[in-house]
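Encoded as structure tokens, the structure appears first; notes follow it.
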Amino acid sequence: MNKTVIIGGGIAGLATAFYLQESGSLDFTLIECSSRLGGKITSAEQDGFLVEGGPDSFITQKAAALDLCTRLGLAGELVGSNTGKSATTYIWSDGRLHPMPEGMMLMAPTMILPFLRSRLISWPGKLRMGMEIFVPKASGNQDESLAAFVRRRLGSELLNKIAGPLMGGIHAADPEKLSLKSTFPMFPEMEKKHGSLVRAMMKRPKRTATPGAKPTPMFMSLRGGLQRFSDAIVSHLPQQALRTSCCVLSVSPHGSRYRVALGDGTSILAENIVFATPSYVTADLVQLIDPTLASRLRAIRYVSTATVSLGFHRSQITHPMQGAGFIVPKSEGRGITACSWSSEKFKHRAPDDCVLLRVFIGGALSEDLAEQDESALIELARKELRTIMGITATPVLAKAYRWPKANPQYDLGHELRIKQIEQSLTDFPGLFLAGAAYRGSGIPDCIQSGIKVATAIADRAHAKTPYRDQHAPVCIGS
């Protein structure tokens, strides 16, 4: 049986291990440098509050996460984000919170009238948006930044107040640098096919719900916190195959296999190596194999972010909190990028007489703020909520999580960078990349990348040609 080493115990590495096991390949070792598995997925219960340090949910439009939950027997623990008024997202602009026009997040035809009624966008801004139907479509197939695309088609006001903070915020990115093709490919496709986003929305068929059936929520989590997900994967894996608090120093060719040198002075020989680590970590590990590949991996930028969760007695909060939270445009000059009203977004996140809020700090446009210590982050979050929501009370819970250089940036030209990395990998059969840096950074994307890697490794195992003589399908991302 051929040996596989998986480097990195985040959701991509865990998914790779799970699906390798499903394929019948049991000879694998997963190595994680830190003391815990799950990566950025981390949940904590404290005084009746359920706090998420990293992601709090996954999107259901991509099936990989939902399917894996079902395989793990977690279907009964899934909880959807609240709907109706509880799903409203607000935008801080000109000293007040404005509800985002209904249908905006889905780019639905129903968003047009709410946009016209909204006080968020000025009438000149609305007129500029209305002219979108007359804007000629782009020629050629070149990559374009989110900012350039929205500014060209819909105007600067929509970019600055909604598209930039909302769509750029998903990736903690600078809209001026974010590759539209690699993050929101549906928009250039809509422009190319229909010549206009407005025309594309108007031609989109209306969604019809099955009578008696509840629509699947856009976001799902688990009743006991999202860490239940990663913990469940770990519990399904052979424990002897999992090594935590063990760092990989380098990977080098060794005959027809690869030698993985570990920090404890030992090494492992394997036919397959899966790098489920940040691309800059992977770059250091493959430096001895191919300096060009290492250089290409380092070209993917990362930025730092932080979250601060604050719990308050409900009686001390005067704001109605009827919604999922709010986002803050960079132009407002605030110290936070968004705030999720966690106890309104999902049930069972706080005691009945309390509320839980989660504040987001940092990202590409204010990375230095996320690199402060935990006490400074908590003080910054409290200061901003005092201004925006009028909260002066002392929190009964305050917990900060720092994520230094944890968010990959899909900068302009990202697609070309990934193709160049794939080209480099063709010279080294048995090396695979998985995770958030390549073809999607969400939880379903990372899981899908693990599925793809596990499938490629299983296909190699069934091939009859010698390992270093065969060129397996290049496997990267999802």
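The values are calculated or read from the model by the stated rules, or taken from the named source; none is laboratory data. Keep in mind that this is a model prediction, so the values were computed, not measured. Cβ sites come from the backbone with ideal geometry, for glycine too, and all protein chains shown count toward neighbours. Side chains included, ligands, DNA and RNA excluded: accessible areas come from the protein's heavy atoms. Shrake-Rupley method; radii C 1.70, N 1.55, O 1.52, S 1.80 Å.
Name the shape class, rounded, prolate or oblate, that the alpha-carbon gyration tensor gives for the chain, where a ≥ b ≥ c are the square roots of its eigenvalues, rounded holds for a/c under 1.5, and otherwise prolate holds if a/b is larger than b/c and oblate otherwise. It comes out prolate by the Cα gyration axes.
Taking label positions 7 Å along the Cα-Cβ direction at both Thr88 and Phe134, the computed distance is 3.4 nm, reported to one decimal. Ligands, DNA and RNA left out, the accessible area of the chain computed with a 1.4 Å probe is 54% carbon and sulfur. Farthest toward the positive end of the dipole of the chain, out of Met131, Leu288, Leu26, is the Cα of Met131, where the dipole comes from beta carbon charges about the Cα centre. For region 41-55, putting each phi into the Karplus relation 6.51 cos²θ - 1.76 cosθ + 1.60 with θ = phi - 60° gives couplings of 7, 8, 10, 9, 9, 8, 6, x, 8, 10, 9, 9, x, x, x Hz, in residue order, rounded to whole numbers and with x for Gly and Pro. Across every pair of non-identical alpha carbons in region 1-106, the mean reciprocal distance, once inverted, gives a Kirkwood radius of 17.4 Å.
Amide H contacts of Met100: Thr89, Tyr90, Ile91, each under 5 Å away and 5 or more positions distant or on a separate chain (H built 1.01 Å from N in the peptide plane; Pro and chain starts excluded). With all protein chains kept in place, the per residue accessible area of the chain amounts to 44 square angstrom at a probe of 1.4 angstrom. Accessible surface for Met389 stands near 10 Å², nearest 10, in the context of the full protein assembly shown (1.4 Å probe).
Could you tell me which of rounded, prolate or oblate describes region 122-190, using a ≥ b ≥ c as the square roots of the eigenvalues of the alpha-carbon gyration tensor, with rounded for a/c under 1.5 and, failing that, prolate when a/b is larger than b/c and oblate otherwise? Because a/c hits 1.5 or more and a/b fails to exceed b/c, region 122-190 counts as oblate. The residues Phe187, Phe134, sorted by heavy-atom accessible surface at 1.4 Å with ligands and nucleic acids left out, run Phe134, Phe187 from largest to smallest. Between Asp459 and Glu415, what's the calculated FRET efficiency when r is the beta-carbon distance and R0 is 25 Å? Round to 0.05. It comes out at approximately 0.50. Here the Karplus curve 6.51 cos²θ - 1.76 cosθ + 1.60, taken at θ = phi - 60°, turns the phi angles of region 90-102 into couplings of 10, 10, 7, 8, 6, x, 8, 8, 10, x, 5, x, 4 Hz, with x standing for Gly and Pro. For the pair region 53-72 / region 255-295, the C-alpha centres are spaced 29 Å from each other. Here the 3J(HN,Hα) profile of region 229-234, calculated from phi with Karplus coefficients 6.51, -1.76 and 1.60 at θ = phi - 60°, is 5, 5, 4, 5, 4, 4 Hz, Gly and Pro shown as x. A helix-only calculation puts the chain at -8500 deg cm²/dmol for mean residue ellipticity at 222 nm, using -39500 (n - 2.57) for each DSSP H run of at least four residues, averaged over all residues. The local environment of Val198, defined by Cβ-Cβ distances under 12 Å, has a net charge of +2 under the rule Lys, Arg +1 and Asp, Glu -1. Ranking Met201, Met186, Met218 from most to least accessible surface, computed with a 1.4 Å probe over the protein chains only, gives Met186, Met218, Met201. Ordered from highest to lowest accessible area with the whole protein assembly present and a 1.4 Å probe, Lys405, Lys192, Lys345 read as Lys192, Lys405, Lys345. With Rh defined as the Kirkwood radius, the inverse of the mean 1/r over Cα pairs, the Rg/Rh of region 202-308 is 1.16. Region 326-418 gives an Rg/Rh value of 1.03, both radii derived from C-alpha positions and Rh following Kirkwood.
When you restrict to C-alpha pairs under 8 Å that are six or more residues apart and normalise by the size of the chain, the relative contact order lands at 24 percent. Rolling a 1.4 Å probe over the protein heavy atoms leaves Thr183 with an accessible area of roughly 20 Å². Between Glu77 and Thr244, the contour length at 0.36 nm per residue exceeds the Cα-Cα span by 57.4 nm. Angle check, please: helix 443-462 long axis (alpha carbons) against the longest principal axis of the chain (alpha carbons), in degrees 0 to 90, nearest 10. Compared with the principal axis, the helix lies near 20 degrees. In this structure, the amide hydrogen of Thr277, modeled 1.01 Å from its nitrogen in the peptide plane, lies closer than 5 angstrom to those of Ala434, counting only residues at least 5 positions away or on a different chain. For region 147-278, rounded, prolate or oblate, judged on the Cα gyration tensor with a ≥ b ≥ c (square roots of eigenvalues), a/c < 1.5 rounded, else prolate if a/b > b/c? Note, shape of region 147-278 comes out prolate. Based on alpha carbons, the Rg and Dmax found for region 388-437 are 20.5, 60 Å.
Modelled label positions at Ser122 and Thr70, each set 7 Å beyond Cα in the direction of Cβ, lie 5.0 nm from each other.
The value of relative contact order for region 190-286, using C-alpha pairs under 8 Å at least six residues apart, is 14 percent.
Would you mind estimating how fast region 365-404 diffuses translationally, via Stokes-Einstein at 37 °C and 0.692 mPa s with the Kirkwood radius over Cα pairs, in µm²/s?
On the way: Rh = 11.0 Å.
My calculation gives 298 µm²/s for D.
The modelled label-to-label distance between Thr318 and Lys347, using points 7 Å beyond Cα along the C-beta direction, is 3.2 nm.
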